[in-house]
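The values are calculated or read from the model by the stated rules, or taken from the named source; none is laboratory data. Since we're looking at a predicted model, the values are computed, not measured. Neighbour counts run over all protein chains shown; Cβ positions are idealised from the backbone, glycine included.
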Amino acid sequence: MNVEQHHSLQKGGKFLGFLLSYGIFTTILFFILLLTKKLPALWGYYHIAAITLGITLLGILLRKLLK
């Protein structure tokens, strides 16, 4: 295995890990808000997913700006 393949696998693994952890966090947050009745009546899972994605993208943008 050469260096480029290793780097590609590592990058893909990081992205897959990010997606998995994002999905788990969003699901847990959704159920916590649902069970504590803090979720607005018309909101669903996709609203919570959009909010967490926005916060994540804001954090990535901030990290790149401060670099």
Fill in: Members of the stretch 20-46 that are of a type in the set (A, V, I, L, M, F, W, C) and either exposed (fewer than 10 other Cβ atoms within 10 Å of the Cβ) or at positive phi (or both)
Leu35, Ala41, Leu42
Practice prompt. Would you please list the contacts, defined by Cβ atoms under 6 Å and residues six or more apart or on different chains, that run from a residue in the stretch 1-28 that is under 19 Å from Tyr45 (Cβ atoms) to a residue that is modelled with pLDDT of 90 or more and of a type in the set (Ser, Thr, Tyr)?
Written response: Thr26/Thr52
Item to complete: Output yes when any residue across the stretch 15-37 is over 15 Å from the mean Cα position of the chain (by Cα) and assigned to a loop (DSSP other than H, G, I, E, B), and no when none is.
Response: yes
